[in-house]
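One structure below.
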Amino acid sequence: MREVGGGARSASRLGETYLDRLSARGDRLPGCRPVLRGLARRYRLGVVTNGIDRVQRSRLAASGLAPLFDAVVTSQSCGYAKPDPRILHVALEAMAVVPRQAVYVGDDPATDGVAAAAAGVRFVWMDGGRPISGRRPRHRVGSLAELADLL
């Protein structure tokens, strides 16, 4: 922090300001609202994220999508982070489903895919047009609309 002219107190304030502003962002993928509404009518939806609880919950609320999800599990709230499969076990328990009844959709095969496999949950990679190095997941979609078609 000294490089930008402050000490530990300034760094702490800067960090809090960053988290506050990040928390207010409700970024959404294009077209996600109607697709997620349709999925929520057919399935129970949950969020599993490696993140700070207050930030992730605030971002979900700011996006207007929070009511569509039955469970939100953050690494901070449960004490486990992907690729540790226990974070998915916490979500499964919160949603009262067993692994064979669940599908985990994630954007990173190295963390999301590994966690899903270890938890015994089917994995769908939402690639966002990114190439993959290493083992390719069995199911791959480029958008939420493709996911709805796959399910």
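General remarks:
- Net length available on complete extension from R33 to D53 is 5.0 nm, with 0.36 nm assigned per residue and the Cα-Cα distance removed.
- Computed on the Cα atoms alone, the convex hull of region 20-79 gives a volume of 71 cubic angstrom per residue.
- Qualifying trypsin sites (Lys or Arg not before Pro) in region 80-151, DSSP loop, other Cβ atoms within 10 Å at most 11: R135, R138
- Our coupling estimate for region 56-61, obtained by passing each phi through the Karplus curve with A = 6.51, B = -1.76, C = 1.60 and θ = phi - 60°, is 5, 5, 5, 5, 5, 5 Hz, Gly and Pro reported as x.
- For the chain, modelled as a GNM whose springs connect Cα atoms under 10 angstrom apart, the maximal fluctuation among Q56, Q101, Q76 occurs at Q101.
- Residue range of the chain that is longest and free of chymotrypsin sites (Phe, Trp or Tyr not before Pro) which are both DSSP loop and sparsely packed (at most 16 other C-beta within 10 Å): 70-151
- Estimated from helical segments only, the mean residue ellipticity of the chain at 222 nm is -12500 deg cm²/dmol, where each DSSP H run of four or more residues counts as -39500 (n - 2.57).
- Phi to ³J(HN,Hα) by Karplus 6.51 cos²θ - 1.76 cosθ + 1.60 over region 79-96, Hz, x for Gly, Pro: x, 10, 10, 4, x, 5, x, 4, 5, 6, 4, 4, 5, 4, 5, 4, 9, 6
- Under 5 Å, built H, 5+ apart or other chain: amide partners of V141: W125, M126, D127
- Projected area, mean over directions - region 2-150, Cα convex hull, nm²: 10.5 nm²
- Residue among V55, G38, M95 farthest towards the positive dipole end of region 2-150, charges placed on Cβ: G38
Any read-out appearing in this document is the output of simple, stated calculations on the displayed coordinates, not a laboratory observation. Note that the structure is predicted; figures quoted are calculated from it, not measured. Cβ: placed from backbone, ideal geometry, glycine included. Neighbour counts: every protein chain shown.
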